[in-house]
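Accompanying notes for the structure given below.
The values are calculated or read from the model by the stated rules, or taken from the named source; none is laboratory data. On a predicted model such as this, the values are computed, not experimentally measured, just so you know. Here Cβ is always computed from backbone atoms with ideal geometry, including for glycine, and neighbour counts include all displayed protein chains.
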Amino acid sequence: MSLTERTLTQVTLALGRGEASSVEVTRACLERITRVDKALGAFLSLDEARALDAAKESDERRAKQQGRGPLDGVPVALKDNILTRGHVTTAGSKILAGFVPPYDACVTARLREAGAVVLGKCNLDEFAMGSSTENSAFQPTHNPYARGRTPGGSSGGSAAAVAARLVFGALGSDTGGSIRQPAALCNVVGLKPTWGRVSRRGVVAFASSLDQVGPLARTVEDAAALLQVIAGRDPLDATSSDEPVPDFSASLTAGVKGLRIGLPVEYQVEGLDPEVASAIDEAARRFEALGATVTQVSLPHTKYALAAYYVIAPSEASSNLARYDGVRFGHRAKQVKSLADLYEKSRSEGFGPEVKRRIMLGTFALSAGYHEAYYVKAQQVRTLIRRDFEQAFEKVDLVLSATSPVPAWRLGEKVDDPLKMYLMDVLTLPCSLAGLPGVSVPAGFTKAGLPVGLQVMGRPFDEVTVLQAAAAFERETKHFERGPAP
């Protein structure tokens with residue numbers, strides 16, 4: 001088995017046993033990126049020199065038996081909306097082209113402190129607004145399992161990088177499904193932690209009450225190891241929770257016997273692909289065979305989630321993106337006649353069509369005379385969605401569904417129809433609105449060889465049980481072992 005074919009856990013063991021050095025592993029990843037990524041477009045930029053320096057430092061620590069844990073010396077990647085000191089961060093937008101942050105995001109700093117080797121930055125839909133990574137201002141990303149098809153979005157570059165064995169793990173951000181949905185389409189594990197479990201400091205903001213950073217990895221065990229490093233209170237982020245951080249890996253082998261699992265009737269949505277539905281039915285049978293009790297539950301306000309999300313998220317985006325005005329940082333238009341002209345031209349030239357669309361939607365929803373009718377009403381609906389989950393969790397421990405209603409579609413197929421694209425997140429949005437932890441784990445393949453993802457959702461701050469169930473399903477099915485064509 002080549003170095004890049006190994007999982008994060010397997011590479012950690014190899015490094016610990018002296019079977020490979022971090023420099024060797026890092027060079028193997030960089031060589032594979034050079035060979036493979038021209039056709040995929042998963043990376044926007046690489047930080048080769050600093051990565052090799054970090055790998056050398058890791059090897060020196062291990063030689064002195066001063067290793068920093070399971071991520072020490074392991075190459076990883078970051079979605080390009082996560083700040084990296086001294087290395088460009090664009091958020092997939094022309095308005096931030098060439099922007100070099102003066103500090104690391106909290107999650108970046110925590111990865112570096114754990115000894116991880118940050119190889120570079122992965123492609124995304126501009127400002128994380130999209131479901132296919134086609135809204136990137138720089139390039140589309142292809143699905144490693146089917147070139148010419150989407151890897152999902154907005155963390156499509158991170159998911160594709162992990163699926164193509166370019167890195168052993170990556171971080172993405174999830175606002176309405178942007179970690180889980182690309183994980184499903186790329187046959188990897190993607191975890192959205194409870195909102196507040198991971199600091200958002202240094203992450204380019206889209207919708208602050210929804211954004212959450214999380215890991216993408218080959219296996220549940222790998223995802224748990226990444227979450228262990230990045231989770232926990234950040235004193236510089238008032239929205240990060242001081243909830244104690246448990247050992248996320250401790251219960252991965254516990255199984256699901258005795259767990260109560262709910263299948264929401266409302267998630268049998270119109271447009272659900274028959275092969276996807278069949279894979280989820282098979283997953284439910286697997287859980288029953290493993291000793292869990294599977295019953296139907298009702299989440300009656302699910303049908304309003306899409307509408308509520310597309311009021312709340314654009315409203316918060318309108319507020320957050322007001323800072324990109326051509327004055328303080330970002331793209332600055334030339335040959336302007338006035339301050340108003342500077343604002344207009346800088347934003348018109350710097351933002352792409354989907355970002356402009358959401359800014360306009362959000363600005364309208366927040367405007368005088370409409371704020372109560374739209375934004376406040378959407379927040380009330382959000383409360384009802386959260387209460388649905390609270391009532392369901394009185395009867396069950398976990399909720400299961402498909403992650404994406406369809407497998408990966410062809411690039412260009414939906415990009416000109418915003419409503420069709422928005423519907424691709426219909427099964428992940430409720431979990432985000434409720435602030436719950438959710439993971440997508442590989443659940444099989446269609447007859448055409450396209451990956452299908454199973455979504456497991458749990459109570460707030462109960463990532464342990466979510467990961468426990470996902471790991472049990474993974475052990476039983478081993479779908480993660482089926483890699484893309486060379």
- Are any of the residues in the range 205-213 in a loop (DSSP other than H, G, I, E, B) and either farther than 22 Å from Val311 by Cβ or free of Cβ contacts under 8 Å to residues at least 40 places away in the same chain (or both)? no
- Query: In the list Leu427, Leu454, Leu467, Leu423, which residue meets the criterion of being in contact with a helix residue (DSSP H, G or I) (Cβ under 9 Å, 6 or more places away or on another chain), closer than 24 Å to Pro244 by Cα and touching a residue at least 40 places away in the same chain (Cβ under 8 Å)?
  - Reply: Leu467
- Go over the candidates Arg323, Arg328, Arg286 one by one and state the one that is among the basic types (Lys, Arg), at negative phi and either buried (at least 16 other Cβ atoms within 10 Å of the Cβ) or in contact with an Asp or Glu (Cβ under 7 Å, 6 or more places away or on another chain) (or both). Arg286
- Query: How many residues does the range 242-273 contain that are under 27 Å from Thr295 (Cβ atoms), free of Cβ contacts under 8 Å to residues at least 60 places away in the same chain and exposed (fewer than 14 other Cβ atoms within 10 Å of the Cβ)?
  - Reply: 5
- Task: Specify which of the listed residues (Ser136, Ser154, Ser158) is buried (at least 24 other Cβ atoms within 10 Å of the Cβ), in contact with a Lys or Arg (Cβ under 9 Å, 6 or more places away or on another chain) and in a loop (DSSP other than H, G, I, E, B).
- Result: Ser154
- Among the residues of the range 453-467, is there at least one that is small (Gly, Ala, Ser), surrounded by fewer than 24 Cβ atoms within 10 Å (Cβ to Cβ) and more than 15 Å from Pro407 (Cβ to Cβ)? no
- Message: aromatic (Phe, Trp, Tyr), more than 28 Å from Pro140 (Cα to Cα) and either modelled with pLDDT of 95 or more or surrounded by 19 or more Cβ atoms within 10 Å (Cβ to Cβ) (or both): which single residue out of Phe473, Phe445 fits that description?
- Response: Phe473
- Residue satisfying condition, being surrounded by 16 or more Cβ atoms within 10 Å (Cβ to Cβ) and either over 23 Å from Lys79 (Cα atoms) or in contact with a His (Cβ under 8 Å, 6 or more places away or on another chain) (or both), within set Arg62, Arg27: Arg62
- Task: Would you confirm whether any residue within the range 62-81 is part of a loop (DSSP other than H, G, I, E, B) and touching an Asp or Glu at 6+ places or on another chain (Cβ under 8 Å)?
- Result: yes
- Identify, from the list Leu171, Leu166, the residue that is on the phi < 0 side of the Ramachandran plot, assigned to a strand (DSSP E or B) and in contact (Cβ under 8 Å) with a residue 12 or more places away in the chain. Leu171
- Note on the structure: If we take the range 268-384, then helices (runs of 4 or more DSSP H) inside it with 3 or more residues that are basic (Lys, Arg) are 353-366
- Give the residue, chosen from Gly350, Gly362, Gly369, that is out of contact with any Asp or Glu (no Cβ under 8 Å at 6 or more places or on another chain), crowded, with 21+ Cβ neighbours inside 10 Å and not hydroxyl-bearing (Ser, Thr, Tyr). Gly350
- Item | Among residues of the range 399-426, those that are modelled with pLDDT of 95 or more and either closer than 21 Å to His479 by Cα or of a type in the set (Asp, Glu) (or both), counted | 13
- Item | Candidate set: the range 195-210, residues that are out of contact with any strand residue (DSSP E or B) (no Cβ under 6 Å at 6 or more places or on another chain) and not aliphatic (A, V, I, L, M); chosen: the one surrounded by the most Cβ atoms within 10 Å (Cβ to Cβ) | Phe206
- So Glu113, is it closer than 26 Å to Ala317 by Cα and of a type in the set (Asp, Glu): no
- Task: Working only within the range 394-416, note down all residues that are of a type outside the set (Lys, Arg), in contact with an Asp or Glu (Cβ under 9 Å, 6 or more places away or on another chain) and assigned to a loop (DSSP other than H, G, I, E, B).
- Result: Asp397, Ser404, Pro405, Val406, Pro407, Leu411, Gly412, Val415
- Matching residues, the range 385-398, being farther than 26 Å from Ala472 by Cα and surrounded by fewer than 15 Cβ atoms within 10 Å (Cβ to Cβ): Arg387
- Of the conditions (1) within 18 Å of the chain's Cα centre (by Cα); (2) surrounded by 24 or more Cβ atoms within 10 Å (Cβ to Cβ), the single one that Gly41 does not satisfy is (2)
- Message: With the structure loaded, tell me whether Tyr304 is closer than 28 Å to Gln212 by Cα and touching a Phe, Trp or Tyr at 6+ places or on another chain (Cβ under 8 Å) or whether it fails that test.
- Response: no
- Query: For the range 96-115, how many residues meet the condition of being buried (at least 19 other Cβ atoms within 10 Å of the Cβ) and touching a Leu at 6+ places or on another chain (Cβ under 8 Å)?
  - Reply: 9
- Query: Among the residues of the range 5-54 satisfying the criterion of being in a helix (DSSP H, G or I) and basic (Lys, Arg), which is farthest from Glu481 (Cα to Cα)?
  - Reply: Arg50
- Residue pairs qualifying under the 6 Å Cβ cut-off, at least six apart or on distinct chains, with the first in the range 129-143 being free of Cβ contacts under 8 Å to residues at least 60 places away in the same chain and the second being assigned to a strand (DSSP E or B), are none
